[in-house]
1. Would you pick out the residues in region 171-199 that are of a type in the set (Gly, Ala, Ser) and not in a helix (DSSP H, G or I)?
2. Would a scan of region 129-149 turn up a residue that is outside any helix (DSSP H, G or I), over 22 Å from ASP93 (Cα atoms), touching a helix residue (DSSP H, G or I) at 6+ places or on another chain (Cβ under 9 Å) and touching a residue at least 40 places away in the same chain (Cβ under 8 Å)?
3. Taking region 150-165, which residues are in a helix (DSSP H, G or I) and hydroxyl-bearing (Ser, Thr, Tyr)?
4. Which one of the conditions (1) of a type in the set (D, E, K, R); (2) touching a residue at least 40 places away in the same chain (Cβ under 8 Å); (3) assigned to a loop (DSSP other than H, G, I, E, B) does GLU115 fail to meet, given that it meets all the rest?
5. Test each condition in (1) crowded, with 19+ Cβ neighbours inside 10 Å; (2) of a type outside the set (Ser, Thr, Tyr); (3) farther than 30 Å from GLN246 by Cα for GLU124 and report the one that comes out false.
6. Could you tell me whether TYR176 is in contact with an Asp or Glu (Cβ under 7 Å, 6 or more places away or on another chain) and either more than 24 Å from LYS144 (Cα to Cα) or buried (at least 21 other Cβ atoms within 10 Å of the Cβ) (or both)?
7. Can you list residue pairs whose Cβ atoms sit under 6 Å apart, with the first residue in region 97-108 being more than 9 Å from ALA78 (Cα to Cα) and the second being at pLDDT 95 or above and surrounded by 18 or more Cβ atoms within 10 Å (Cβ to Cβ)? Count only pairs 6 or more apart in sequence or on different chains.
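The values are calculated or read from the model by the stated rules, or taken from the named source; none is laboratory data. Since the structure is predicted, the reported quantities are computational estimates derived from the model, not experimental observations. Backbone-built Cβ (ideal geometry, glycine too); neighbour counts: all protein chains shown.
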Amino acid sequence: MVCRNFFNFFFIMLFCISCSKTDIEKSKINEVNLESQMIEAYEEGLKELENGDVLLAAQKFNEAEILFPQSEYAPKSALMAAYSYYTQNYYADAIAELERFLRIYSNHKDIVYAEYLLGLCYYEQIVDEKKDLESLINAKKTFKSLISKYPKTEFATDAMFKINLINEILAAKEMYLGRYYQGKKKWVPAINRFRVVVDDYETTIYVEEAIHRLVEIYYTLGIDKEAIKYANLLGYNYQSSTWYKQSFKIFNINNNENKKRDIKKENNSILKKFKSLFS
């Protein structure tokens, strides 16, 4: 009886081991099949990308990622899907893919490239300073993040260059609005716009004009202290500037006019005295 029970136990164990081996072998076969399908889908994606069909290419890359998500090809496929959309200016799709990549594969070795490509997707949607600022702000935010996290990369160097260009466009936007308000004699919003350029975009080409405009407005309003302050600032930093020369003329012209007015008053008073002699 004991022998029979032992035999039964041995037979059951042998059957379980046999089944386990079969399951492992099947799992390995399935894994090999999935990997081969994934590689095939990835290569088809590359082929379609080369042929210019970026939508089909992105679809194939997504398929490759889904087939074998634990493979090293998965993050590469996700990134290639984003790149496929980017090459033909499907920015919204590229941004969605890149944001997903940054969320899911946050520790991947190509994370810096993903952030840079995201910045480019925003940056290349910039039209001019009169259009919507959302793309400008998103591009600047993304590039600043990249520089902060990966300062020694070539991507950071290019990101800094692009931030400088973005600042020029943002400053141009402020100048455009400032000139508009100044032309309409809406002094407070005009001053606010020009001060933004002076305070936030002092490295741009617009800062000299912005300071001059502040001199103009404050002098027009009779706030001489502020006008002189900005004129001195312009003279100290940009004395050879044409904008400084224009600001200098404002004071000279007004001073000459004041002198003429004083002379006129003086002449008038003399004439009155002269007339009084014959009254």
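1. Result: no residue meets the conditions.
2. Yes, that holds for at least one residue.
3. The one that is in a helix (DSSP H, G or I) and hydroxyl-bearing (Ser, Thr, Tyr): THR157.
4. (3)
5. Here GLU124 clears every test but (1).
6. Yes, satisfied.
7. Note: pairs meeting the criteria are LEU102/ALA114.
The rows are residues; the columns are (1) aromatic (Phe, Trp, Tyr); (2) under 20 Å from ASP93 (Cα atoms); (3) outside any helix (DSSP H, G or I); (4) at pLDDT below 90.
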site: LEU14; (1), (2), (3), (4): no, no, no, yes
site: THR22; (1), (2), (3), (4): no, no, no, yes
site: GLU35; (1), (2), (3), (4): no, no, no, yes
site: GLU40; (1), (2), (3), (4): no, no, no, no
site: GLU43; (1), (2), (3), (4): no, no, no, no
site: LEU55; (1), (2), (3), (4): no, yes, no, no
